[in-house]
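The values are calculated or read from the model by the stated rules, or taken from the named source; none is laboratory data. Keep in mind it's a predicted model, so treat the numbers as computed, not measured. Glycine also receives a Cβ, built like all others from the backbone with ideal geometry; neighbour counts cover every protein chain displayed.
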């Protein structure tokens, strides 16, 4: 790719139904096994998943899964599970665009992230709901009345640990191990292609996100994309160590010189005009950045690099990193 700024790439009744589902799902494994042996175990056996809300019993092989955030959607797809329902990001009008249509067609939208439609979820009669406390802690009891609900503590930075929880809940631990090993192998290959660990570490990378209605974010190290860059062994400028809670160092267009780096990857969430993209990238401060002078600024898909959060997204990010940094 040429280094440029061109983009690439009624509730009560429903809850009563859900409560019945939850009661069934919480039957202990021994009882379920006995029913199976008697030929009456239509619900199957269960196992216990350790979650941010305590232990939750779920079916060993859930068939009707609803996911309420992008990481959970990526995890399910990575593990070969097509959810029956999913939320979408508020700024988007569909599911994550980096996922093939064949993997998302047929999934019912159940509202926006952090604002799901509970009646719609209940109508899908799920046997498992996946989300995280950052999005849905306040509605956990309502969700649990519909189906066993597995929440991780947060999203983003601990995505690898969260993936393990998702895999456990979905009964896909073997598939998870395969996905993790594939990622590790790809990471090693990318590092090698960039000239090895020493040369890779010498290349300082910044990720700059233009956000509608907010300041510009220079991403730190305690976030999803930061972990991928660290896995590859890429260097990060000193500004990343000043990121609030390790997440991001936020600046106005008049402070964009703080984003100086050997290479800059940019993405935009929402309206580019409202995110001040043109105002920023036509300024003298922007033109003075080393990466801009060296024609090493790459615009990337925000859904993939920032919103995706999972192994399917990560492998695509690795491919783009390799292509851009060796081109």
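Structural remarks
- Answer from 251, 300, 263 - the residue that is within 30 Å of residue 75 (Cβ to Cβ), modelled with pLDDT of 95 or more and surrounded by fewer than 22 Cβ atoms within 10 Å (Cβ to Cβ): 263
- Filter result (buried (at least 21 other Cβ atoms within 10 Å of the Cβ) and touching a helix residue (DSSP H, G or I) at 6+ places or on another chain (Cβ under 8 Å)) within region 281-295: 289
- Within region 109-133, tally of residues that are buried (at least 22 other Cβ atoms within 10 Å of the Cβ) and assigned to a helix (DSSP H, G or I): 2
- Test: residue in region 89-99 that is under 19 Å from the mean Cα position of the chain (by Cα), surrounded by 15 or more Cβ atoms within 10 Å (Cβ to Cβ) and closer than 21 Å to residue 59 by Cα: no
- Yes/no for residue 74 being within 17 Å of residue 169 (Cα to Cα), in contact with a helix residue (DSSP H, G or I) (Cβ under 6 Å, 6 or more places away or on another chain) and buried (at least 17 other Cβ atoms within 10 Å of the Cβ): yes
- Of all the criteria given as (1) out of contact with any strand residue (DSSP E or B) (no Cβ under 8 Å at 6 or more places or on another chain); (2) within 29 Å of residue 160 (Cβ to Cβ); (3) in a helix (DSSP H, G or I), the one not satisfied by residue 325 is (1).
- At least 1 residues being under 17 Å from residue 225 (Cα atoms) and outside the structural domain of residue 211 (by TED's automatic domain parsing) is the threshold, and among the helices (runs of 4 or more DSSP H) wholly inside region 245-319 not one reaches it.
- Qualifying helices (runs of 4 or more DSSP H) (wholly inside region 134-244; at least 2 residues being surrounded by 19 or more Cβ atoms within 10 Å (Cβ to Cβ)): 140-146, 159-170, 173-193, 224-232
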